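Read through the structure below, which is laid out as structure tokens, and then see the notes.
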Amino acid sequence: MAGRIPQAFIDELIARTDIVELIGSRVQLRKAGREWKACCPFHNEKTPSFWVSPDKQFYHCFGCGAHGTALGFLMEHDKLPFPDAVDDLASRLGLEVPREGGDGARPKRDEGIYELLAQVTQFWRDSLRESARAKQYLAGRGITTETCVKFAIGYAPDSWDAVLKRFGGNADRERMLLEAGLVIERSGKGESGCYDRFRDRIMFPIRDARGRPIAFGGRILDAGEPKYLNSPETPLFHKGRELYGLYEARQALRKIERLLVVEGYVDVVRLAQSGIAYSVATLGTATTPEHLNRLFRVTSEVVFCFDGDRAGRAAAWRALENALEHARDGRQLRFLFLPEGHDPDTLVGEEGAPAFEARIASATPISEFLVTQLAAQADLSSVDGRARLAELARPLLARVPPGVYRELLLERLAQEVRMPAGRLAELLRARPEASRGAGIHGGPRPAQGGRPARSAGRQPLLTQAIMLLLHHPGAARSVAATPDWLAAEQKGFAVLRELLETARAEPGLSTAQLVERWRERPEGARIAELAGEESLVGDARAAGRELATLLERIGAELGPERRLNELIEFARERRLTEQEQKEFQGLLGARGKPPGR
């Protein structure tokens, strides 16, 4: 693929980056034997459960499960997309990021679009300074000049071609304007060319984690439709992923204790101007799972703010449905409903920031909102009504991860159903946790708050072998050749085979380098999770002996299975002898779990 970053360069970045130094610049680490520990930066805790291994160049939190490499840390902590995290590490080391696939046209074009969007942002800011009408509108909304500077607010002139004339000029520039979502192609019969997308609007740049404009929202000055107009989806902008104001919030606050999710650009701007600098807005779409993932990477408390009318409560319910799988221990999800006729912009202007923050502090917890909304659909004075409430809650409760939070939610439901919580839990039977990883058998989860339990011996043989290779890639040198049985169509065999062959071909690879090679693959999350679990084997030599033993055991368990498959083929061809028929029946009766389980 054109523009792809070569794997060899990513390997070099991981090898040359000191993960302790990188994380230590953002988190206060303390030496703990051969590793370093700290209170986790990704969730609130008092006892350190976040560990950094300089040997593996890997971090793992045994409290919330966060784990990864130096690149992963920048992506999670600094909210950088993968290419930007690579750029960041490369710039620290004074390296230039190479690109595969010809001339790297796509990345170069992306850089051109970033530059174009920055230039247009400045053009609209200059236009705002020259437009008395636009400045009067913003003053009427209570937005100051200082706030306009902070949020890079501008004005798109009332012209069909202001941007096109200024930044077009040739076919390639017009294509770039079109690709950036700044102009629209004419579609009428006999028409050709383009015209400006944004005209006579107050312009709000939507910025990425590095502060670069990637899209815009435009608010019309007078009456007209649409009131708000957003950039379309582009190579740089995906509205279901981005949040307006998140960059500004991270610039204003050293640590973000909570995020308030509102619906409009002006809401974010007015709240920030009033001193409530932790608000963000979705971009004309309902809150998506990707939004929630981004929110909880920044903070452990999210408050959704909606109008108190029927439409606002319907939007809040949609947000609740997406948020339930994120409702877990250590996180807070709450809902704030405003008085009818008000939005955050008008209300904070009317009553001031202290009163508005008091409303935020008393916002409804997600559990209470869920129960009250469901209870409104059932007659709780009757047995049938309480049974209906339990049934309505069943699919929603199944989305909540196991833990203290779900138990407390069960207790709250049990109060309404008038049934002991334990009995209600038995009846509801939330769906079992989906198996994780594609073709890699799961093992016991570590206990929260400390080092994981020493449970490797109880894990499947296949998982133990994969873990050994991840923790000690050098152990692959003890295997003279890849066992032929690894070519079988057995779950997880392809993963083990590839890890083994990669580690044998490149014996100097670290844990972090191996993990990075699986980042974009379906098994990547499980690979990273296994790399974060505690290894019971101390060095590569011992790991090599253990790996050889494990492979022998898996191969030995495969023997009867392979013989059974052979006899099945004979049976299909009606070539079984009397002795083979007895052997076949014996193997069939003794057939147990698949090898490696």
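Readers should treat all values here as calculations from the given coordinates under stated rules, not as data from a laboratory. None of these values were measured; they are calculated from a predicted model. Note that each Cβ is placed from the backbone with ideal geometry, even for glycine, and that neighbours are counted across all protein chains shown.
In plain terms, the residue of Met419, Met203, Met176 with the fewest other Cβ atoms within 10 Å comes first and the most crowded comes last, giving Met419, Met176, Met203.
Between the beta carbons of Arg34 and Glu426, assuming R0 = 41 Å, the FRET efficiency works out to 0.35 to the nearest 0.05. Here is the list for segment 496-550: GluC sites (Glu not before Pro) lying in DSSP coil, each with at most 11 other C-beta atoms within 10 angstrom of its C-beta, are Glu520.
Measure up Lys135/Lys239; Lys31/Lys56; Lys56/Lys79; Lys37/Lys255 against 18 Å on the Cα-Cα distance and list the ones that go over.
Values: Lys135/Lys239 28 Å; Lys31/Lys56 16 Å; Lys56/Lys79 23 Å; Lys37/Lys255 20 Å.
Result: Lys135/Lys239; Lys56/Lys79; Lys37/Lys255 exceed 18 Å.
Taking each residue as 0.36 nm, the span from Ala171 to Asp110 lengthens on full extension beyond its C-alpha to C-alpha distance by 20.3 nm.
FRET efficiency for Gln332 and Phe82, Cβ-Cβ distance as r, R0 = 35 Å, nearest 0.05?
On the way: r = 29 Å, r/R0 = 0.83.
Result of the calculation: an efficiency of 0.75.
Around Ser478, with a cut-off of 10 angstrom between Cβ atoms, what is the net charge of the other residues, counting Lys and Arg +1 and Asp and Glu -1? Neighbour charge sum, excluding Ser478 itself: +3.
In segment 1-36, which trypsin sites (Lys or Arg not before Pro) are in a loop and have at most 15 other Cβ atoms within 10 Å, using DSSP for the loop call? Don't skip to the end; give the middle numbers.
Working: sites: Arg4, Arg16, Arg26, Arg30, Lys31, Arg34; in loops: Arg4, Arg26, Arg34.
In loop regions of segment 1-36 (DSSP not H, G, I, E or B), the sparsely surrounded trypsin sites (Lys or Arg not before Pro) are Arg4, Arg26, Arg34.
Can you check what the Kirkwood hydrodynamic radius comes to for segment 377-428, Cα pairs only, in Å to one decimal? It would help to have the intermediate numbers written out before the result.
Values: mean 1/r = 0.0909 Å⁻¹.
It works out to 11.0 Å.
Per-residue extension of 0.36 nm, minus the Cα-Cα distance of Glu225 and Thr147, leaves a gain of 25.5 nm for this segment.
Judged by the ratio a/c of the largest to the smallest principal axis of the C-alpha gyration tensor, segment 7-92 counts as prolate, that ratio being 1.5 or greater while a/b is larger than b/c.
The separation of segment 468-533 from segment 204-277, counted between C-alpha centres, amounts to 42 Å. Here r is the Cβ-Cβ distance between Ala118 and Ser192 and R0 is 41 Å; the resulting FRET efficiency, rounded to 0.05, is 0.90.
Shown here for segment 123-227: GluC sites (Glu not before Pro) in loop regions (DSSP other than H, G, I, E, B) with at most 13 other Cβ atoms within 10 Å, namely Glu191. In segment 147-262, taking the dipole from charged Cβ atoms about the Cα centre, the farthest positive-side position among Leu229, Met203, Cys148 is held by Cys148. Between the amide H of His238 and any residue lying 5 or more places away or on another chain, no distance stays under 5 Å, with hydrogens modeled in the peptide plane.
Centroid-to-centroid, using Cα positions, segment 56-84 and segment 327-372 are 31 Å apart. Comparing Leu74, Ala8, Asn44 along the charge dipole axis of segment 7-92, the residue lying farthest to the positive side is Asn44, per the Cβ-charge model.
Whole-percent P(r), segment 107-246, all Cα pairs, 5 Å bins from 0: 2, 10, 20, 23, 21, 15, 7, 2, 1, 0. Taking 0.36 nm per residue of separation and subtracting the Cα-Cα distance, full extension of the segment from Asn44 to Arg297 would add 89.9 nm. The amide H of Cys194, built 1.01 Å from its N in the peptide plane, has Arg186 as neighbours under 5 Å, considering only residues 5 or more places off or on other chains. In segment 246-370, the convex hull through the Cα atoms has an average projected area of 7.0 nm², a quarter of its surface area. Using the Karplus relation 6.51 cos²θ - 1.76 cosθ + 1.60 with θ = phi - 60°, the per-residue 3J(HN,Hα) values for segment 55-72 come to 5, 8, 6, 8, 10, 7, 10, 7, x, 9, x, 4, 7, x, 9, 4, 5, x Hz, with x marking Gly and Pro.
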